[in-house]
Amino acid sequence: EEYDALELAIGTLAEADSELQSRFSPELSRRAAEYFRFLTDGRYDGVEVARDLSARAQPEGDAVSRGTDSLSAGASDQLYLALRLAVCELALPEEEPCPMILDDALVNFDEQRLVRALELIRKIAERRQVLLFSCQEREARYFENDPAAAHIPVGI
């Protein structure tokens, strides 16, 4: 009986996983591609997300997608930020938006990438509260004249 129960549970979990993948994966890829397109200013227009949440990016006008090993470190960081944001948007309820927390998510971004990422975060913050923790002051300077943003310095 125990074996049959385990076999039934495993089969049910496999079916649920398959259904989740068929419903969640396409929307996750679409949303991540939308964010990545914005972050890269249109240089990439497609994202493929694998079952293990590894991602590949498709350059605009190119038929071949590229893994993170073929992207620059900056583009790879942008891709995984886009993926994290897409997962958050899909996993967090829209009807009762809870805060999104990002901790040093932009630490390796150069200034140009940082500005695009902060513009995207500002757009997301129109729909839900975003708590952005950073060990740098760049983010605070970007939002210093934004009345909707609060900067709370924390000393150690």
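Residue by residue, here is whether (1) open to solvent by 50 Å² or more (accessible area, probe 1.4 Å); (2) in contact (Cβ under 8 Å) with a residue 60 or more places away in the chain; (3) in a helix (DSSP H, G or I) holds:
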position: E89; (1), (2), (3): no, no, yes
position: P97; (1), (2), (3): yes, no, no
position: V115; (1), (2), (3): yes, no, yes
position: A148; (1), (2), (3): yes, no, no
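Being buried (at least 17 other Cβ atoms within 10 Å of the Cβ) and closer than 27 Å to Q136 by Cα is a description that applies to D77.
Report the residue count in segment 49-62 for those that are within 13 Å of the chain's Cα centre (by Cα), farther than 19 Å from A73 by Cβ and at pLDDT 90 or above. Residues meeting the conditions: 0.
The residues of segment 68-106 that are over 18 Å from L28 (Cα atoms) and under 15 Å from the mean Cα position of the chain (by Cα), listed by number, are G74, A75, P99, I101, L102, D103, D104, A105, L106. Can you tell me which residues in segment 124-137 are open to solvent by 100 Å² or more (accessible area, probe 1.4 Å) and within 21 Å of R37 (Cα to Cα)? Residues satisfying the conditions are E126, R127. Of all the residues in segment 36-69, those that are surrounded by fewer than 12 Cβ atoms within 10 Å (Cβ to Cβ), under 18 Å from D110 (Cα atoms) and not acidic (D, E) number 1. Between S76, S22, the distinction of being polar (S, T, N, Q), at negative phi and at pLDDT below 85 belongs to S22 only. Do you know which residues across segment 100-113 are surrounded by 10 or more Cβ atoms within 10 Å (Cβ to Cβ) and of a type outside the set (F, W, Y)? Passing the criteria: M100, I101, L102, D103, D104, A105, L106, V107, N108, D110, Q112, R113. Taken over segment 1-59, the criterion of being hydroxyl-bearing (S, T, Y) and under 18 Å from L83 (Cβ atoms) is satisfied by S25, S29, Y35, T40, Y44, S54.
The values are calculated or read from the model by the stated rules, or taken from the named source; none is laboratory data. Everything quoted here is computed from the prediction, not taken from an experiment. Ideal geometry is used to build each Cβ from the backbone, glycine not excepted, and the neighbour counts take in all protein chains shown. Just the protein is used for accessible areas: all its heavy atoms, side chains included, with ligands, DNA and RNA removed. Shrake-Rupley method; radii C 1.70, N 1.55, O 1.52, S 1.80 Å.
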